[in-house]
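Engineer: Provided herewith is a single structure, encoded as structure tokens, for subsequent inquiry.
The values are calculated or read from the model by the stated rules, or taken from the named source; none is laboratory data. Not measured: the values here are computed from a predicted model. A quick note on method: Cβ atoms are made from the backbone with ideal geometry, for glycine too, and the neighbour counts reach across all protein chains shown. These accessible areas exclude ligands, DNA and RNA; they are computed on the full protein's heavy atoms, side chains included. Shrake-Rupley method; radii C 1.70, N 1.55, O 1.52, S 1.80 Å.
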Amino acid sequence: MKKECEIVQDLIFGYCDGTLNPASKELVEKHLVKCEECKKIYEEIKKDKQIEDDDKIEIDYLKRVNKKLKRKKIIIAISSVLIILLVILHIIAFISYYHDQTTMEIFMNKEISEEQMTNIQNQIKNQAEDVEITYVSAKQHLENLKEKFKENQDLLAGYNDENNIFTDSFVIKTKLAQDIEKIEKSLVNVEGIQKIQSSSINNPYMALANDFMTWYIDMRGPVSNGE
């Protein structure tokens, strides 16, 4: 009997795990019915295994919860970054839009007189209380274009002070968009003006896209014929 108890006690762990073959399982079950000592050992092992299984279930549950929390934190972090980027983009769009709507450039005829230039300036000042007028010469326009062309300046060969495609201009900057509209309307029939250039974009995001394209073209530079 003692020898059978030793055999059964060796098999109890496998019995609790459900890994015994049918014959060994039957041997253990028959023995536990008639042996209180082995049955007590079985109950203790079964209880310990149940506690171990419960602990494992709890650990697995905590791991799943922790994984979900990490995933949630990542989603929140990504969402926060996206919201911040959208807010920044929104601010930049409206700054760009405000700049475009409060800026204009007046290109003058090549043969414009000093009197006509003074008249244009006075007309501008009469339409807006707070206005900034910057004079840009035709020579400066050409120099700015050469600077953009950089290593491809040979494309501008033949253009100089005597053969300049540009004309003098006034860059107008106001604080209010409606002032730009008033100035533009007041200059429609004023002598000495070749062209008035102002923004026609009424969407902040279109203004931002337009500024981005301008920036990209300036950064990329002109494309030579060989490219």
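Engineer: Work out, step by step, the length gained on full extension between E132 and V87: first 0.36 nm times the residue separation, then minus their alpha carbon distance; give nm to one decimal.
Structural biologist: On the way: separation 45, 0.36 × 45 = 16.20 nm, distance 3.01 nm.
Residue separation times 0.36 nm, minus the Cα-Cα distance, leaves 13.2 nm.
Engineer: I'd like to know which of N21, M117, I106 lies farthest towards the positive end of the charge dipole of the range 1-134, counting +1 on Cβ of Lys and Arg and -1 on Cβ of Asp and Glu.
Structural biologist: N21
Engineer: Let me ask something else about it. Among the listed pairs K125/K146; K125/K175; K25/K46; K125/K185; K25/K56, which have their C-alpha atoms separated by more than 21 angstrom in this model?
Structural biologist: Details: K125/K146 32 Å; K125/K175 13 Å; K25/K46 15 Å; K125/K185 13 Å; K25/K56 26 Å.
Table pairs above 21 Å Cα-Cα are K125/K146; K25/K56.
Engineer: If I compute solvent accessible area with a 1.4 Å probe over the protein chains, what percent of it on the range 50-138 is carbon and sulfur? Show your work: numbers first, answer last.
Structural biologist: Values: 4140 of 6790 Å².
Carbon with sulfur: 61 percent of the solvent-accessible area.
Engineer: Is the shape of the range 1-124 rounded, prolate or oblate, going by the alpha carbon gyration tensor and its root eigenvalues a ≥ b ≥ c, with a/c under 1.5 for rounded and a/b larger than b/c for prolate?
Structural biologist: Working: a/c = 13.77, a/b = 7.86, b/c = 1.75.
Prolate shape, in that a/c is at least 1.5 and a/b is the bigger ratio.
Engineer: Would you mind getting the accessible area per residue of the range 27-137, heavy atoms of the protein chains only, 1.4 Å probe, in Å²?
Structural biologist: 76 Å²
Engineer: Turning to a different aspect of this structure: Using θ = phi - 60° and the Karplus form 6.51 cos²θ - 1.76 cosθ + 1.60, what ³J(HN,Hα) does each residue of the range 72-83 get, whole Hz, x for Gly and Pro?
Structural biologist: After applying 6.51 cos²θ - 1.76 cosθ + 1.60, I find 5, 5, 5, 4, 5, 5, 5, 4, 5, 4, 5, 5 Hz.
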